[in-house]
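Since the structure comes first, as structure tokens, the remarks are kept for the end.
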Amino acid sequence: MHDVTYLRPTDLKDAVQLYRTTPGCRPLAGGTDLIVMLHARTLRPPPRAVLDVWSLLELKGVRRTQGMLEIGAAESYTGIIRSRDAQEHVPALVAAARTIGAAQIQNRGTLGGNLANASPAGDTLPVLLAYDAVVVTDRRSIPIDQFFTGYRKTALQADELIVAVRMPLGRRVVFRKVGTRAAQAISKVVTAVSRSPARVAIGSVAEVPLRARRAEAALERGDMEGAIAAVADDIRPIDDVRSTAAYRRTVTQNVLRELLSVKPAL
Amino acid sequence: MCPAPVTAVGRSVPRREGADKVTGRARYTDDITVQGAWSGRTIRSTIARGAIRSITLDPAFDWSRVVVVTADDIPGDNVVQLIREDQPVLAPRGGEIKHKEEPILLLAASDRATLEEAATHVRIEYELANPVFEIGSATEVFSTVEITKGDVASVERTADLVVEREFRVGLQEQLYIEPQGAIALPEADGAFRVVGSLQCPYYVHRALKRALKLTDQQAIVVQAETGGGFGGKEEYPSIVAVHAALLARKAGRPVRLIYDRHEDLAATTKRHPGVIRHRTGVKKDGTLVFQDIEIVLDGGAYCTLTPVVLSRAAIHAAGAYSCPNVRIRARAVATNTPPNGAFRGFGAPQSLFAAELMVEHVAEQLGGGVSSVDLRRKWMLRLGDTTATGQVLTESVGSELVLDAALKAATTFQPSNIPTVRRGRGLSLVFHGSGFTGSGEKKLSGTIAMEALADGTFRILTASTEIGQGTKTIFCQLAADALGVPLERVTIAPQDTSLVPDSGPTVASRTAMIVGRLVQEAAAEIKQRLQRERPPLRVDKSYIQPDSIHWDEATYRGDAYPVYAWACTIADVDVDTTTGEVRVTDLVTAVDCGKALHPVMAEGQIEGGCLQAVGWATIEEIKMKDGGYQNDRLATYLIPTALDAPRIRTVLIENPYSRGPFGAKGIGELPMDGPAPAVIAAIHDATGVWLDEVPATPEKVLAALNGAQRREAAQS
Ligand SMILES: Cc1cc2nc3c(=O)[nH]c(=O)nc-3n(C[C@H](O)[C@H](O)[C@H](O)COP(=O)(O)OP(=O)(O)OC[C@H]3O[C@@H](n4cnc5c(N)ncnc54)[C@H](O)[C@@H]3O)c2cc1C
């Protein structure tokens with residue numbers, strides 16, 4: 001475990017100020033990624049302080065604002081799963097939240113953490129891409145399709161805090177995670193699809209969670225078979241300890257076929 | 001009139017250590033605080049094969065805060081005491097490295113931070129050699145077994161159909177909940193007390209004596225509450241204990257050596273992977289003419305218990321069937337991978353997997369409406385039949401009972417109504433020898449003692465351990481009934497080698513049946529003596545092989561096991577054709593256990609074993625890279641979660657064995673045997689493709705489905 005200074009801001013303003021002025025500082029939300037990394041000492045450079053944003057009221061809750069659904073960056077998956085508004089307006093995100101880890105992780109894990117961690121296997125990320133979510137930070141709004149800039153890299157500046165995520169109302173998105181077992185599984189392929197507008201977003205098949213643009217173009221033309229064929233060219237899967245590139249490719253196509261045949265509930 | 005005595009055997013009485021476990025009072029090794037104890041750590045090889053050229057302790061680091069142990073610090077023999085003398089306690093300077101994660105150096109320090117820091121200042125340089133990773137390219141053979149019955153060569157021509165298949169089985173991790181660990185404490189007179197998570201106190205005792213040059217009295221081994229073993233704590237704890245004791249010896253203070261999960265997964269023994277080839281000849285009507293079987297198991301870099309695993313694999317290789325002509329040729333080879341070792345089933349799950357699928361293949365190729373269940377009925381061993389080793393089965397043969405019971409208990413098969421999901425059902429019939437193989441029990445001559453104490457209570461002294469399977473509870477049940485006293489009057493002494501005799505290891509489905517019988521006999525003797533004598537009294541009982549058991553080690557002929565337990569398993573699976581994922585939805589298993597001494601724990605053993613087998617069959621995969629395991633964390637070594645577990649229904653069948661305690665036979669390992677072939681048969685039933693291989697990961701299933709689709713397309 002790295003030795004770090006623990007900082008507990010009183011409100012968002014305080015947090016932003018501390019983050020800006022403390023060298024080597026890392027936000028800490030649920031800690032389900034960060035504590036693991038601190039323990040394994042894999043963070044480079046090693047952090048010197050953590051800023052606990054878990055209890056900041058401004059980062060909590062699920063609410064409707066300006067014709068959008070807004071979810072606080074430090075709201076837990078359990079909070080999202082239990083929210084009536086989330087169930088009604090973003091059921092695919094609720095479905096994704098239910099697949100994360102198991103109960104303990106859902107009680108602590110947050111959307112802000114999933115976003116900032118930017119793992120290609122982050123399960124909410126394709127869903128957020130399919131919803132055209134907007135990442136609201138302490139200083140600006142970042143469209144989700146500009147958020148992931150490389151392997152575990154984001155558009156966030158060094159001292160930028162995620163405050164909330166906004167999604168449009170009324171979009172129909174379907175979701176499927178393929179992770180080999182029913183809980184505590186890291187995705188081999190995770191897909192979210194919207195028919196209109198055409199969005200095909202996939203995780204664990206490239207260095208970032210990505211939008212399958214060729215497949216989307218075909219889908220926009222109403223060409224489902226074309227989309228299923230094209231998606232194979234949109235992805236860049238690899239062989240790793242969890243699966244193989246060949247499997248990921250076939251499953252991406254199969255899952256897309258399956259998701260295009262289901263009628264989303266909304 | 002006296003009320004009828006309430007007997008304990010056959011009732012699901014509360015577990016002896018149950019309350020402590022569920023309330024958190026139970027002290028596992030890492031829970032035990034020892035004043036002034038230092039923490040230890042193992043430095044391991046990073047190469048699969050080569051020689052140690054140099055070990056350098058970086059002079060920039062202050063080594064006065066750390067204790068360092070190398071092979072030079074071993075007072076006794078640098079050998080892990082087991083079957084062969086091939087495995088060093090620590091690889092010596094200039095010595096050969098045979099696998100990744102081989103222990104080279106031990107460190108201890110007062111705190112973990114210093115320990116971690118010290119570890120980064122050890123530099124080991126190697127001379128690299130060419131490693132052998134594949135069974136096919138291995139040249140060194142640990143052991144061979146040949147079993148011959150009848151004469152395969154002379155009848156080959158008389159078969160109407162000969163079916164040939166090759167099967168593959170993968171590595172599996174035991175994944176006990178509690179990782180390996182031991183605490184060593186130096187005591188007066190040069191003695192060392194080692195408290196640890198272990199299955200076999202006297203294995204550890206022998207290993208300590210040998211490596212640390214101790215007398216019987218100087219080596220004291222105490223089992224702490226143990227969070228599971230499954231064979232993984234049969235031989236490996238000897239290494240952990242000796243390492244801890246070497247550190248404690250040099251540090252002159254207690255040392256704790258507790259593995260974290262990553263080290264445990266990366267370094268400790270796994271189930272032997274292997275390749276098994278079958279050639280089976282039958283008549284048109286399905287009559288079995290011959291079985292010709294070849295088994296190759298990968299033992300890894302050192303021998304460990306491999307010859308015994310191979311032996312059990314070979315003896316079970318013909319399956320639960322009666323065939324007049326059998327040839328089984330088995331060998332275990334060495335590769336430069338971490339040593340494989342004991343794991344629930346001990347070779348039998350591997351060979352029975354192949355034997356059971358072979359029944360399916362023969363039935364399929366025979367056609368003509370002969371089902372694999374019909375074939376099993378035709379072939380199966382019945383009372384009076386002779387096994388591959390020439391053993392005549394004289395009692396407690398449950399083959400037909402379990403087959404009938406499982407078929408009766410299975411629900412009506414409902415096909416899937418989801419278009420992308422195909423459902424199938426598969427069945428297997430297996431047997432498993434209880435107790436040590438051949439003359440093992442005779443050589444071992446396990447001993448227990450029973451005391452009648454002055455306060456009217458009774459105490460069982462045994463080295464048989466409680467590792468979650470219920471030893472403590474059933475021994476007390478057996479003693480209470482044999483004594484005719486209430487269960488509360490019987491206690492069990494701690495598993496401490498300075499107190500209890502060597503009852504043999506807690507392995508091989510032998511504890512309830514072999515050691516339990518000794519408990520029953522000792523209790524009966526005490527009861528008799530109490531009619532004439534007054535407590536305190538003590539009776540020691542050792543196993544004596546009945547005259548009717550004959551075994552010839554040289555020819556592998558005779559009574560391989562005192563008796564067999566039997567199981568029939570029916571598995572229902574859903575195969576998702578989108579992803580190749582296999583979900584085992586339902587599992588019915590009928591088990592002939594002789595007598596269910598404690599029905600709830602018997603069912604617990606069976607359900608747990610079945611789930612462990614389902615994991616092996618479907619998702620528990622270890623990929624190798626440069627001779628090491630890639631899946632060396634719980635994030636990558638997947639086992640079924642509660643959500644993945646099938647609904648398991650167990651039917652217990654009591655078909656008593658005359659020499660078992662109250663008729664009981666061993667069932668610890670049996671449930672590991674049946675589910676894998678049943679699952680693979682069910683996948684075939686669902687999809688029409690054969691995998692002949694475990695684990696049937698989604699990757700393999702999907703590739704097989706696509707292959708079948710392409711073949712169909714090519715044909716039409
Ligand atoms: C056992 C286990 C199972 C898991 N299963 C899954 C799974 O199935 N699917 C999945 O996608 N993930 C899974 N995860 C990973 C993890 O739970 C998720 O990524 C989770 O969303 C992280 O949220 P957190 O609040 O815990 O993040 P933290 O660990 O607190 O933080 C993660 C990263 O985000 C940064 N961060 C956090 N909040 C902010 C903020 N407001 N602004 C800027 N940066 C911020 C932190 O500095 C850190 O770099 C699992 C983890 C574990 C330990």
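Per residue and in Å³, how big is the convex hull formed by the alpha-carbon atoms of the protein assembly as shown?
Normalising the Cα hull of the protein assembly as shown by residue number yields 200 Å³.
Provide a whole-number value for the mean count of partner chain Cβ atoms within 10 Å of the Cβ atoms in peptide A:25-33.
If you average over the peptide's residues, the count of other-chain Cβ atoms is 0.
Quote the accessible area belonging to B:Asp160 in square angstrom, nearest 10, computed with a 1.4 Å probe and with ligands, DNA and RNA left uncounted.
90 Å²
Mind checking which lysines have their C-alpha under 26 Å from B:Lys284, skipping anything on the same chain fewer than 8 residues away?
List returned: B:Lys149, B:Lys378.
How big is the accessible area of A:Asp11 in square angstrom, nearest 10, if you roll a 1.4 angstrom probe over the protein chains?
60 Å²
Within 13 Å, Cβ to Cβ, of B:Ala682, how many net charges do the neighbouring residues add up to if Lys/Arg are +1 and Asp/Glu are -1?
-2
Just the number: Rg to Rh for segment B:614-716, Cα atoms, Kirkwood Rh, two decimals.
1.11
With springs only between Cα atoms under 10 Å, which of A:Pro45, A:Pro237, A:Pro126 fluctuates most in a Gaussian network model of chain A?
A:Pro45
Hey, could you grab the Kirkwood Rh for chain A? Inverse mean 1/r over distinct alpha carbon pairs, Å, one decimal.
This gives a value of 18.7 Å.
Taking N as the number of residues in segment B:38-117, what is its alpha-carbon radius of gyration divided by 2.2 N^0.38 Å?
Relative to the rule-of-thumb radius for its length, segment B:38-117 sits at 1.16.
Over all directions, the average projected area of the alpha-carbon convex hull for segment B:114-166 comes to how many nm²?
Computed as one quarter of the Cα hull surface, the answer is 8.6 nm².
If I take all pairs of Cα atoms in segment A:57-168, what percentage of them are more than 18 Å from each other?
Percent of Cα pairs beyond 18 Å in segment A:57-168: 42.
For chain B, what is the convex hull volume of the alpha-carbon atoms per residue, in Å³?
Per residue, the Cα convex hull of chain B comes to 180 Å³.
What number in nm² do you get for segment B:20-156 if you take the convex hull of its Cα atoms and divide its surface by four?
Quarter of the Cα hull surface area: 15.8 nm².
Could you sort B:149-155, A:198-204 so that the peptide with the highest average Cβ count within 10 Å comes first and the rest follow in order?
My ranking of the peptides, most packed first, is A:198-204, B:149-155.
With N residues in segment A:129-172, what two-decimal value do you get for its Cα radius of gyration over 2.2 N^0.38 Å?
So the Cα radius of gyration is 1.19 times the expected 2.2 N^0.38 Å.
With Cβ to Cβ distances under 14 Å as the rule, what net charge do the other residues near B:Arg253 carry (K, R +1; D, E -1)?
+3
May I ask you to order B:56-63, B:209-216 by the average number of other C-beta atoms within 10 Å around their residues, highest value first?
Sorting B:56-63, B:209-216 by mean packing, highest first, produces B:209-216, B:56-63.
Alpha carbon centre of segment B:133-185 versus segment B:361-384: separation in Å?
That distance is 24 Å.
Would you please calculate the Kirkwood hydrodynamic radius of segment B:440-542 over all C-alpha pairs and express it in Å, rounded to one decimal?
13.4 Å
Take every residue in peptide A:247-256, count the Cβ atoms of other chains within 10 Å of its Cβ, and give the average of those counts.
Other-chain Cβ atoms within 10 Å of each residue's Cβ, averaged: 4.
For segment A:174-260, what is the largest minus smallest coordinate of the Cα atoms on each principal axis, given in angstrom and ordered from greatest to least?
Extents along the principal axes: 37, 23, 19 Å.
Using alpha carbons only, what's the Rg to Rh ratio of segment A:1-140 with Rh from Kirkwood?
Dividing the radius of gyration by the Kirkwood radius yields 0.96.
Using only the alpha carbons of segment B:260-302, determine the length spanned along each of the three principal axes and report them from longest to shortest in whole angstroms.
The Cα atoms of segment B:260-302 stretch 57, 19, 8 Å along the principal axes, largest first.
Local charge sum around B:Val296 (other residues, Cβ-Cβ under 13 Å, Lys/Arg +1, Asp/Glu -1)?
Residues close to B:Val296 contribute a combined charge of -1.
Regarding segment B:357-506, what's the average projected area of the Cα-atom convex hull, expressed in nm²?
Answer in nm², one decimal: 15.4.
For peptide A:176-186, how many partner chain Cβ atoms fall within 10 Å of a residue's Cβ, on average?
If you average over the peptide's residues, the count of other-chain Cβ atoms is 6.
So, with +1 on the Cβ of K and R and -1 on the Cβ of D and E, and no other charges, what is the size of the charge dipole of segment A:16-129 about its Cα centre, to the nearest 20 debye?
It comes to approximately 280 debye.
Under the rule of -39500 (n - 2.57) per DSSP H run of 4 or more residues, summed and divided by the residues of the protein assembly as shown, what mean residue ellipticity at 222 nm is obtained, to the nearest 500 deg cm²/dmol?
-8500 deg cm²/dmol
On the full set of protein chains, 1.4 Å probe, figure out the accessible area of A:Arg41 and give it in Å² to the nearest 10.
We get 110 Å² for A:Arg41.
By the gyration tensor of its Cα atoms, with a ≥ b ≥ c the square roots of the eigenvalues, what is the shape of segment A:5-52: rounded for a/c under 1.5, prolate for a/b over b/c, or oblate?
oblate
Considering only C-alpha atoms, what is the centroid distance from segment B:52-72 to segment A:73-122, in Å?
When both Cα centres are located, 48 Å separates them.
How do the peptides B:72-78, A:18-24 rank, highest first, by the average count of neighbouring beta carbon atoms within 10 Å per residue?
For the peptides B:72-78, A:18-24, the packing ranking is B:72-78, A:18-24.
Could you give the alpha-carbon Rg of segment B:66-221 over 2.2 N^0.38 Å, rounded to two decimals?
Ratio of Rg to 2.2 N^0.38 Å for segment B:66-221: 1.51.
The values are calculated or read from the model by the stated rules, or taken from the named source; none is laboratory data. Computed from a prediction, not measured in an experiment: that's the story for all the values here. Positions of Cβ are generated from backbone atoms using ideal geometry, with glycine treated the same way; all protein chains shown enter the neighbour counts. Only protein heavy atoms, including side chains, enter the accessible area calculation; ligands, DNA and RNA are left aside. Shrake-Rupley method; radii C 1.70, N 1.55, O 1.52, S 1.80 Å.
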